[in-house]
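A.B. asks: Could you have a look at this structure, given as structure tokens, before my questions?
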Amino acid sequence: MRLGNTFFIALAIGALWGIIYNVVFSILAMLISGDTIVPDIGISMVSGAVGAGIYVLGPGHSGGRYRGWHWAAVSGAAALIAFVLLGKFAAASMVAENMAFLTALVTFAMAAASWHLCLDGMDSGSQGRYQLEVILIRVLKGVGFVFFSIVVALPFYVMVMTSLKSQQSLLSNPLDLSIDFSKSLSEHLRSYIELFTKYRFGQFLLNSAIVSVATVIITLLFAIPGAYAVSRLRFPGKNVLSKSILLIYMVPAIVLVIPLYAVFSQLGLRNTLLGLIVVYPATTIPVAVYMFQGYFRGLPYELEEAGLMDGLSRIGTIIKITLPLSLPAIASVSLYIFMIAWNEFLFAFMFLDDPAIFTLSRGVQSLNSSEIPRQHLMAGAVIATVPVLVLFLWFEKFLVAGLTAGSVKG
């Protein structure tokens, strides 16, 4: 079998993924166990290269192209064996043997999957320029995925683990983010329990839900007809209005806070949820109109003309034809507006003084005090993050469909 430059490419890819995953999972094992673990860069690099070399030398290819997860699993096992034989466990005196084995097992399972995905479908002979570019793009995509996953997941992990700690453990070792399995579930969740029993976080959640849902409803009531008018109807100044919708975002919010604070104080709207329900739609309606008009322009106008010819009014056409076709866009815009209102802090911080009507972001800020344990602040941040995260994951398909709708016309 003629390997050409494929063998050396595989060695480089195997060494790269061996180093990356060994470092990542060693850090993860250190966070979970609380022990000091120093990744073995050299050994993981050599073991990864050995596994990837076996992958391209073995019979795991068909028709001259590398295929099949079974041989990738065999090459990963070979890399793990090489890792053990090169002295991993002898060097890991600071960590239990079972944790070291688990770290190595996960490292080379992921590494084997990665070099298989990088080389899948490639010729078993020498790689041409196009194949080299494809391999390079696959490697960069994989490295980017791992990097950004760590950037996103690590702060959330630190936040969650800190919220589960006691004040004593945080003071004794602030960097210890391991889980103490000897404690009961109620002890781990003590910060969350105290937030709802002593700091009124249940009321904060209710206030944020009221303001966010009201903002979504008001925004949709104004944005949908506004976007429809801009995208479908003809009137003087239409082009100017369409292009100037987002001008409000050129004005910093901090500039608007002072005059709004003075006006709302005179009108009696300051320190009320109604004041936020008035302000938030003013900032979300422009972006909602901008998003909706792009979607409406992508809908076939012939459907609306057919409805008008069948006797429907313009309002009836919107309700019975346009809106049912716009459900993905409505779902995505609603989720986007909900997240803006749920996470908004500046106006809530300036307008609300009474703890009984604090929104969640304002309530979390009130925990940032030397008199309140740090784990309570982290628990509050988790409570503020999880609802939006669950909603985002639940409506992700609608969000993607709505944001890309209208980008291609025809």
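A.B. asks: Looking at V263, V287, V257, which is the one that is in a helix (DSSP H, G or I) and under 27 Å from L325 (Cβ atoms)?
C.D. replies: So the residue among V263, V287, V257 that is in a helix (DSSP H, G or I) and under 27 Å from L325 (Cβ atoms) is V287.
A.B. asks: A follow-up question, please. Output the residue which, of all residues in the stretch 228-269 that are under 23 Å from M350 (Cβ atoms) and of a type in the set (S, T, Y), is nearest to the chain's Cα centre (by Cα).
C.D. replies: Restricting to residues being under 23 Å from M350 (Cβ atoms) and of a type in the set (S, T, Y), the top hit is Y249.
A.B. asks: Tell me, yes or no, whether the stretch 305-316 has at least one residue that is surrounded by fewer than 16 Cβ atoms within 10 Å (Cβ to Cβ), free of Cβ contacts under 8 Å to residues at least 60 places away in the same chain, among the acidic types (D, E) and not in a helix (DSSP H, G or I).
C.D. replies: yes
A.B. asks: Still on this structure: Determine, yes or no, whether F347 is modelled with pLDDT of 90 or more and farther than 22 Å from Y192 by Cα.
C.D. replies: Criteria met by F347.
A.B. asks: Of all residues in the stretch 62-99 being over 21 Å from G48 (Cβ atoms) and of a type in the set (D, E, K, R), which is modelled with the lowest pLDDT?
C.D. replies: Only one residue fits best here, namely R65.
A.B. asks: Taking the conditions exactly as written (in the same structural domain as I357 (by TED's automatic domain parsing) and crowded, with 18+ Cβ neighbours inside 10 Å), does A253 satisfy them or not?
C.D. replies: No: the conditions fail for A253.
A.B. asks: L221: assigned by TED's automatic domain parsing to the domain that holds L377 and surrounded by 16 or more Cβ atoms within 10 Å (Cβ to Cβ), yes or no?
C.D. replies: Taking the combined requirement at face value, the residue does not satisfy it.
A.B. asks: Working carefully through the options T284, T272, find the one that is under 28 Å from the mean Cα position of the chain (by Cα) and at pLDDT 85 or above.
C.D. replies: T284
A.B. asks: Shifting gears a bit: Restricting to the stretch 266-281, and then to whatever is assigned to a helix (DSSP H, G or I) and in contact (Cβ under 8 Å) with a residue 24 or more places away in the chain, can you tell me which residue is surrounded by the most Cβ atoms within 10 Å (Cβ to Cβ)?
C.D. replies: It comes out as L276.
Every residue, every condition in (1) free of Cβ contacts under 8 Å to residues at least 60 places away in the same chain; (2) assigned to a helix (DSSP H, G or I); (3) assigned by TED's automatic domain parsing to the domain that holds V278; (4) surrounded by fewer than 16 Cβ atoms within 10 Å (Cβ to Cβ), yes or no:
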site	(1), (2), (3), (4)
Y130	yes, yes, no, yes
L140	yes, yes, no, yes
G144	yes, yes, no, yes
V152	yes, yes, no, yes
F156	no, yes, no, yes
Q168	yes, yes, no, yes
K183	yes, no, no, yes
G202	yes, yes, yes, yes
I217	yes, yes, yes, yes
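A.B. asks: Considering (1) assigned by TED's automatic domain parsing to the domain that holds W342; (2) part of a helix (DSSP H, G or I), say which one E187 fails and leave the rest.
C.D. replies: All conditions are met except number (1).
The values are calculated or read from the model by the stated rules, or taken from the named source; none is laboratory data. Not measured: the values here are computed from a predicted model. We place every Cβ from the backbone using ideal geometry, glycine too, and count neighbours over all the protein chains shown.
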